[in-house]
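Presented below is the structure to which this report refers.
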Amino acid sequence: MALQTSQPTAPTGAQPPTPVSPERPHSPALTLLAALLGFFLITLDVSVVNVALPSMADSLGAGMTGLQWVVDSYTLALAALMLSTGAFADRIGATKAYGIGVALFTAASVACGLAPNLATLTGARVLQGIGAAIVLPASLALVRRAFPDAAQRARAVAAWAAGGSAATAFGPVAGGALTTVWDWRGIFFINVPFGLLALALLLRAPRFERRRTPLDLPGQLSAAVALTALAFAVIERGTVGLVAAGVSVVAAVVFVRVERRQEHPVVPLGLFRNRTVAVMVATGAAVSVGFYGIVFVFSLFFQQVQGRSALAAGLMFLPMTGLIAITNIVSGKLASRHGPRLPMLIGQPLAVVGLLLLLLVRADSSTLMLALLLVPLAVGSALTVPPLTAAILDAVPAERAGLAAGVLNSGRQVAGALSVAGFGVLISGPFVTGLHMSVLIAAVFLAGTATATALLPGRGR
């Protein structure tokens, strides 16, 4: 995923009545706000939906399989297409790409809110995911171009990242509140005014020159088919699931063959020969399984097993998610002083302990107990993610930093989607038993990546 930009050219589309200079005046602060708003919205949509799932099930007559697709249709589209959307943004210009992504995400949010049935909602969620995949790299490119000074850019990127942390913390509470005072459709309609505001602010963003960035369409298509078929196999099961599993294997083989022959592959397979890159991608995936998979399970547990309202369920996550932004800051300071390995070697074992503590959960567990038991998982995950991102960027040449970041984030989203698919299957039986099995799977995965991290050579600075 390339985020590099060069000198801007005249915009495409409707022309003003008077000539314009090659570089129109722009406001760095408003550009940052536009980029932050878009990133906030697409991150919010990952978590805000979970708390509203029981309300959707009642309204649309959806079972567990349908609810899994409501979550995963967005996440899979975001994960699969993120491999190529950085190159797409370079190809048409990041400002234009960002506008297209935000407009598509906003329109798809309206379609979600108006969806009369589950099939329409799932299709609209796919469109949301496509828009989100375009917004993510383009928003970061906007920040990079608006702040040419390195020190100012670092502060701007930190603010941009804080928008994602705030969305993660705010999502469950917002989902619960909107579902309670409105209904589940409110979680989608609330995106509209903020999407329109982001588009209005985009008028003050710098313009980007189009670049002849190659697109690996065969690689992108085969990756999307492989990932979607794999999720389909896990969710649907039975004969249909077996067929989907076969399709996934075939598509994965095609993907590997295509990537080996492409001059500009969407995922250079040689990237994974770097041990640090391979471990960091696996670690990012493990954290997503532990965090997003468990949030999905507990969103349903609070409402379907304990009978809480959507608002109460959202508030149950507040102690957990409220610590994420603060812990991210602490993690960054630890990494800058001691290298990225130290906070990761603290965070991953802490997350494993947090997951194992969740084995104490019972159907009648108290509110205080549940709220506190979720905190170690959140703190451990938040300690791990910023330094693993820094570690993977340090492990590759500068010209491959965008690509490595794209692979890392795609891996995290795919892992989150598959955890929702797999854990949803487990809790479709006796719920608490499935919850405990989900927790154990996530703990084993994270324990494995913690061990791999500890075995990496050097201090990781």
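The values are calculated or read from the model by the stated rules, or taken from the named source; none is laboratory data. The shown structure was predicted, so the numbers you read here are calculated from the model rather than taken from an experiment. Ideal geometry is used to build each Cβ from the backbone, glycine not excepted, and the neighbour counts take in all protein chains shown. Accessible surface is based on the protein model in full, side chains and every heavy atom, while ligands, DNA and RNA are left aside. Shrake-Rupley method; radii C 1.70, N 1.55, O 1.52, S 1.80 Å.
In plain terms, the chain is cut at each of the GluC sites (Glu not before Pro) found in a DSSP loop with at most 12 other Cβ atoms within 10 Å, and the longest leftover piece is 24-262.
The packing ranking, built from the mean of other Cβ atoms within 10 Å per residue, places the peptides 34-45, 57-68 in the order 34-45, 57-68, highest first. Binning the alpha carbon pair distances of the stretch 337-385 at 5 angstrom intervals from zero yields the distribution 5, 24, 25, 18, 12, 8, 5, 3, 1, expressed in whole percent. With the charge dipole of the stretch 295-410 set up from +1 on Lys and Arg Cβ and -1 on Asp and Glu Cβ about the Cα centre, the Cα lying farthest toward the positive end among the listed residues A313, L358, G332 is that of G332. At 1.4 Å probe size, with the rest of the protein present, what percent of the exposed accessible area of the stretch 127-284 is carbon and sulfur atoms? Of all accessible area on the stretch 127-284, carbon and sulfur atoms account for 67 percent. Between the stretch 68-109 and the stretch 265-319, the alpha-carbon centres lie 20 Å apart. Averaging the Cα positions of each part gives two centres, and for the stretch 146-180 and the stretch 401-454 these lie 24 Å apart. Heavy atoms of the protein chains alone define the surface here; on that basis the stretch 161-207 has 38 Å² accessible area per residue at 1.4 Å probe size.
Just the number: Rg to Rh for the stretch 357-461, Cα atoms, Kirkwood Rh, two decimals. Intermediate values should be presented prior to the final figure.
On the way: Rg = 17.0 Å, Rh = 16.1 Å.
Expressed as Rg/Rh, it is 1.05.
Calculated on the Cα set of the stretch 375-436, radius of gyration then Dmax: 16.0, 50 Å. Taking every Cα-Cα distance in the chain and sorting them into 20 Å bins from zero, the calculated P(r) comes out as 25, 60, 14, 0 percent. With bins 10 Å wide beginning at 0, the percent of Cα pairs of the stretch 53-93 falling in each bin runs 27, 32, 20, 17, 4.
Can you tell me which of 126-133, 185-192 comes out highest on packing, and rank the rest after it, using the mean Cβ neighbours within 10 Å?
Values: 126-133: 25.5, 185-192: 20.5.
My ranking of the peptides, most packed first, is 126-133, 185-192.
Between the Cα long axis of helix 217-236 and the first principal axis of the chain there is an angle of about 10°, rounded to the nearest 10. Working note: Cα gyration tensor of the stretch 149-291, eigenvalues times five, square-rooted, sorted largest first, giving semi-axes of 33, 27, 18 Å.
Could you order the peptides 372-378, 226-232 from most to least packed, using the average number of other C-beta atoms within 10 Å per residue? The partial results should precede the final answer.
Working: 372-378: 20.7, 226-232: 22.6.
Top to bottom by mean Cβ count within 10 Å: 226-232, 372-378.
Taking a sphere under 14 Å around the Cβ of I329 and counting the other residues whose Cβ falls inside, with K and R at +1 and D and E at -1, yields a net charge of +3.
A viscosity of 1.567 mPa s and a temperature of 4 °C, combined with the Kirkwood radius over Cα pairs in Stokes-Einstein, give a translational diffusion coefficient for the stretch 92-163 of 97 µm²/s.
Would you calculate a helix-derived [θ] at 222 nm for the chain, using -39,500 (n - 2.57) for each DSSP H run of n ≥ 4 and dividing by the full residue count, to the nearest 500?
Numbers: 19 runs with 345 residues, N = 461.
Computed ellipticity for the chain at 222 nm equals -25500 deg cm²/dmol.
Using alpha carbons only, the radius of gyration of the stretch 79-215 set against its Kirkwood radius gives Rg/Rh = 1.00.
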